[in-house]
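Here's the structure we're looking at; comments come further down.
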C-alpha cells in the first residue's frame, strides 16, 4: 500500500520527537541554512528559516547563497510581559535581530533576521528572560491569546489565567527544545534507539496542522474568536466567569483558486463550567489529532474536520472522551474586534494606556523613536505590558500620577496617543515581504501608504473618524485575518490584491471576494464610490461591512463553505 | 601539486634521473642550489676527497673574489634584485652566494670578504618579517665584528612612508659600526627601482672587483634561465606588462554590506601568461581623471589635457611624501612649506592628507615640467592572485577591496582599487603582470594537509590553492579559516566554498564574522577554539598559511599560533615561538601579509 500521508507526517514521524538533524545543521558554518526537513521541524521550536527576498536576484552573481535568516516567534500566553522582559527582548533585537520588535496577530513578539550562528545565543537570551518559543509555530497548539489586559476586570483576569493554563497544558513535552537550544553543546546520539519522549497529548505525529486557541471576554472580540480552531467565550455573571462557551472550527487559511479550501468562522460547541475547560480543550485537540486529515495538508485544519464530519459528530466525540456533555451555549454578544486606543481606567482605579502600533512594528525612525520610547518606559514602569491580538501594546497599571511621565516620554519620541484615522486605528497587516517565504505581494511595507491614500477619500466622505476594519496579507494564508475585515486585501502577485468586502465589524461574519487582481489605483477607484455612498446612505449605526451587503456590492457569507459562493466580481 | 619540471628534457641525464633531480631542485632553496653549484664545481676540481666528509661550499675555496649577496625581502623585490646581482657578479668573475636573511647565519659575516646587502623596508620602517630575527641579532650587542669586510647596501623603500628605506639605512650604519668598510655609497630607491638598481649593482660590483676574463674555467655554470621559478624574470613584468581584458567585475559583498570587495577576472590573450598559485598580479592602474584635473587647477595648469593624460597614466598624484614636500619647498622657495618638511610638522600635516592638500593649502603656480619633476612614477599595485592558472583556463582573478575614505573634507579613493571598481568595466583592457611570490607556495607533496588562514581579501590566494588542488586531484586535507565582518553579506566566495566542501576539495571550514554578535570574533579566536585539532594537523605535517592585513590580523594570528604551539609545552611561549620558527624554516608556515 502506498503511503498517502503528507510529507510533513513522515518528517514528524522520523524526527525523534522534533530533533531531526537541527543540532548538526546549526554547526554547519558554510551555509546559513538548515536541512529541508529541519526547516519544517524548527517551526515547532518557534522559528522559521527565511531569506531576504529583496536581494535574491543579486546573491548568486555575488557568489553568495540566499540571505538566510530566521524569524523567531515567542510563546507569550495572553501577551503579558514584564518591563524587565521587554528590556531583554529589546536588547536581543539589537544584538541578534534586525533592531526591531514585531508584535504579531497572535499577541506575541517576533524577531526577524537572526542568522543561524546566533540562533542558540538568541534562544538562550530569550530563555534568560523567562520566555520561550516552544510551539509558537508548527503542528501544535500555538500561542494562546486572551482578551487584552487581564487587569481590566476580574473576568479578564480569569480569561488570562485560562489562556496560560491552556498553553501550558497543550505544550509539547519533548526534551528536544531544551537539548538543541539551551544545552547548546549537547550532541544528540544518533546511534541509539529513538528518544523515548512521551507526548501524552500529541503522540508521535503531533497534530495534522497548526492549531490556534483564544479566549474572549464579551463584548470585546479583540481575539477574533471565530477565526480560531478553539475558542473560549467567557460567560460572566455578577462579574464572575461562571463558565465558557467553547467554539471550534474557525480558521483563515485558504489557497488561491482552490474552492475546497476556504476561511471559516468557528461554531459554538457548547458550554462548559470553569473546572472542565482544560479537559474540554484537551479533547478537542485529541479528536482533531485522530480525525484530522493527514493526507492533504491544506485540508488538515480543524475547520475542515468539522466541515467534513459535522459539528454534531465532533461534539459527540469530544463529549465521549470527556465523559460529560456540553451544556447549551449561553447567550453572548460581541461589539467589535478592535482595541480601544488611549487611556482606560480599571476597576482598581489604575490606568491602562493602549497604544496603536502600526503593523505591530516597534522600531525607531527619524522623528518617531518608538522603540526607544518603550525602552525608557520599561525602565521606569512598575506595571506590565500587554501585547494585543491587534498588534498593539497596552501599558498596564499606571498610577494616576505616573500618567504624565509616560505621556511625556511618548511625546518626546514622537509617539502619538491617537491615530490619523479610524481606518488606520483598525488596520492590521502581516509581515510579508521581504522575509516571509509565502508572500505573493507586499503587506506591512505597503498598507500604511494605501491607508494614507484612502484617508483622502475618507476626508471627502467625512469618514475620517469612523471605525472601519481593514486588514491586508501578502498571501491567502491570512495571518492578519483579512477575511474577517470589512475591507480585506489579500496578495495575489507583485502589486496585485484580491479585494474582499462584507465582513461583520464584530468578527462574526466572513467577507466575500469583490474584485480580483487589483492594483493600488484600482483599489482606490473601487473603494471611493462605496465609501462616499456609505457616508451618505448608511443607516444610523450601520457598519461599513453590513452596508456593502445591503447596498449589493457583495452577498453575505453566512458560513465558511459559502465563502466561494455567489461571487460577482466588480468590473 | 606535481613537481615543476625545471631541468630541460634535454639535460644529460636519464629520464628517471631528470625526474629525481626535478624533485630535489624544486624543493630546494636558492641557498641550497647555490651551495650545490659550488659543491659540484669543487667536486670537479677534486677538492672533495671522501664520501661522507663534511662538504663545504666550494665557493669559499675558489680562488675567485668571493661575494656574499645578502637580501631582506618582503614582497620579493629585494630577492629578485639579489638574484639579478648574482648573475651580474658571476659574469664578472665573483664567486657569489645569495643568502636570504631569513636563513642567514650571523657568524658567517666576518668570514665574508665582500657583502652586498639588498634590503627593503616594510610598513613603518620595519625590516621584512622573515628577516626580523637576523636584523635584530645584527643590531644587538652580540653581533660579531666584521673588521675589514667590504660592503655596500642597496635600500628599497617607498617614499609614501615617513621612514623611507630605514632598514637599509640602519644596516648601512651598523655594518660600518661593526668595522666594515663601505665600498660604495648606499642607494635609497623608491618603488620605481628597476633601472637605478641595475646601475647601482653594476657600479658597485666594479668597485668591489675588476672584471676578470678567465675565471670561469673550473666553474660549472648552471643555466638558470631554464628555471623560471627561481630567478628568471616572468614573461610579463611591470616594465613589460600584458594588456588583459576584464571578463568579470563583480562586487561580492551583498547590498547592505559595510564592505566593497570586487572580484575581477582577467583573461590575457596569451599562452605565455603564466603564474603559480600564491603569486601576486601587478596592476598598472590609472589615476582618477577628476582628481588629476583638481590637481592641475590647484597649480594653475587646469585644462592642459595632454599633461592630464600623462598624469592619469604615469605619475603618482596622491602620495604626499616628505621628499616631495621638500622639493616643493625648494621649488617655490616657500618658508612655510620648508617648515612643513620638518619631521614633526610633516607627520602632523601628512596624516590622512594627499598631494592635492599640499597644493591647495600652499598654492603656487607651476610649470608643467616643474610639476612632473616633483612627482614619482605611478607604482603598480599588487594583488594576490585568486585563481589557479590550471583550474581557471589561464585567467587571472583578483579580489580587490575598494578603498574609500573621507578626510579633511575630501572624499578619497584608492588609486588601483577604484580604477577597477569605478573606472573600468567588463571588456576593458588593463595592463597587468606577474609578481612571483616564492614564499607562498602550496606544498609540493599534494598529500600534505594545508591550513589556510585569511581575513577579508586575504582569502584570495586560497581560492587559487583549493582550485589548484582540486584540479590536480591532491589528496591532502585542507582547512580554511575565514574572517570578515558579517556572515550574510561578506562571506566572500561562499557558494564556491560550498561546492568545494561538497566535492571534498575543501575538507573543513571555520568562519569568524566579527560584527554578527555583541563581542568581536576573529579568525584567531576560531584557531584557539580548534587548537586540539590544529595541533593534530600540524603533527600530520600540515603547512600553515596566513594571508591578509598584518596589523588587523596576521600579528594576532601569529601570537595565537605561538600560544597553540606552546600548549604541549605547558604554555611556554618561547617553546611555541621556537616551534613556529622551525615550521617557518621548513617552509611550513608561510605568510602573505600586507
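Is one or more of the residues making up the range A:349-363 in contact with a helix residue (DSSP H, G or I) (Cβ under 6 Å, 6 or more places away or on another chain), free of Cβ contacts under 8 Å to residues at least 40 places away in the same chain, crowded, with 17+ Cβ neighbours inside 10 Å and farther than 23 Å from residue A:154 by Cβ? Scanning the range A:349-363 turns up no residue that is in contact with a helix residue (DSSP H, G or I) (Cβ under 6 Å, 6 or more places away or on another chain), free of Cβ contacts under 8 Å to residues at least 40 places away in the same chain, crowded, with 17+ Cβ neighbours inside 10 Å and farther than 23 Å from residue A:154 by Cβ. The set of residues in the range B:470-491 that are in a loop (DSSP other than H, G, I, E, B), away from chain A (no Cβ under 14 Å) and surrounded by fewer than 22 Cβ atoms within 10 Å (Cβ to Cβ) comprises B:473, B:475, B:476, B:477.
The single residue among B:467, B:502 that is farther than 28 Å from residue B:274 by Cα and assigned to a helix (DSSP H, G or I) turns out to be B:502.
Selection of the range A:110-130 for residues being part of a helix (DSSP H, G or I) and within 23 Å of the chain's Cα centre (by Cα) yields A:119, A:122, A:123, A:126, A:127. When each of A:464, A:550 is tested for being touching a helix residue (DSSP H, G or I) at 6+ places or on another chain (Cβ under 6 Å), at pLDDT 95 or above and surrounded by fewer than 23 Cβ atoms within 10 Å (Cβ to Cβ), the lone residue that passes is A:464.
If I filter the range B:241-258 for residues that are within 14 Å of chain A (Cβ to nearest Cβ), at pLDDT 95 or above, buried (at least 21 other Cβ atoms within 10 Å of the Cβ) and touching a strand residue (DSSP E or B) at 6+ places or on another chain (Cβ under 8 Å), do I get at least one hit? Yes, some residue in the range B:241-258 is within 14 Å of chain A (Cβ to nearest Cβ), at pLDDT 95 or above, buried (at least 21 other Cβ atoms within 10 Å of the Cβ) and touching a strand residue (DSSP E or B) at 6+ places or on another chain (Cβ under 8 Å). Of the candidates B:142, B:185, B:119, B:152, the single residue that is under 23 Å from residue B:84 (Cα atoms), without any contact (Cβ under 8 Å) to a residue 60 or more places away in the chain and in a loop (DSSP other than H, G, I, E, B) is B:185. Among residues that are surrounded by fewer than 16 Cβ atoms within 10 Å (Cβ to Cβ) and either away from every other protein chain (no Cβ under 13 Å) or touching a helix residue (DSSP H, G or I) at 6+ places or on another chain (Cβ under 9 Å) (or both), residue B:539 is included. Meeting the requirement of 1 or more residues that are at pLDDT 95 or above and over 27 Å from residue B:519 (Cα atoms), the strands (runs of 3 or more DSSP E) wholly within the range A:38-109 are A:101-103. Looking across the range A:262-290, just one residue is surrounded by fewer than 22 Cβ atoms within 10 Å (Cβ to Cβ) and in a loop (DSSP other than H, G, I, E, B), and that is A:273.
Counting only helices (runs of 4 or more DSSP H) that fall entirely inside the range B:272-380 and contain at least 2 residues that are out of contact with any helix residue (DSSP H, G or I) (no Cβ under 6 Å at 6 or more places or on another chain) and within 23 Å of residue B:193 (Cα to Cα), the qualifying elements are B:305-314, B:322-332, B:368-374. Within the range B:492-507, if we keep just the residues that are at the interface with chain A (Cβ under 8 Å from one of its Cβ atoms) and touching a strand residue (DSSP E or B) at 6+ places or on another chain (Cβ under 7 Å), the residue that is surrounded by the fewest Cβ atoms within 10 Å (Cβ to Cβ) turns out to be B:501.
Only one entry of B:516, B:510, B:556 meets the criterion of being more than 22 Å from residue B:477 (Cβ to Cβ), touching a residue at least 24 places away in the same chain (Cβ under 8 Å) and within 14 Å of another protein chain (Cβ to nearest Cβ), and that entry is B:516. For the range B:511-521, the candidate set comprises residues that are touching a helix residue (DSSP H, G or I) at 6+ places or on another chain (Cβ under 8 Å) and surrounded by fewer than 19 Cβ atoms within 10 Å (Cβ to Cβ); within that set, the residue that is nearest to residue A:67 (Cα to Cα) is B:517. Considering the conditions (1) within 14 Å of chain B (Cβ to nearest Cβ); (2) surrounded by 24 or more Cβ atoms within 10 Å (Cβ to Cβ); (3) touching a residue at least 60 places away in the same chain (Cβ under 8 Å); (4) farther than 22 Å from residue A:90 by Cα, residue A:69 is excluded by exactly one of them, (4).
If residue A:239 passes every condition in (1) modelled with pLDDT of 95 or more; (2) more than 17 Å from residue A:562 (Cα to Cα) but one, which one does it miss? Result: residue A:239 fails condition (1) only.
Being touching a residue at least 12 places away in the same chain (Cβ under 8 Å) and away from every other protein chain (no Cβ under 14 Å) holds for only one residue in B:526, B:579, and it is B:579.
The values are calculated or read from the model by the stated rules, or taken from the named source; none is laboratory data. Since the structure is predicted, the reported quantities are computational estimates derived from the model, not experimental observations. Glycine also receives a Cβ, built like all others from the backbone with ideal geometry; neighbour counts cover every protein chain displayed.
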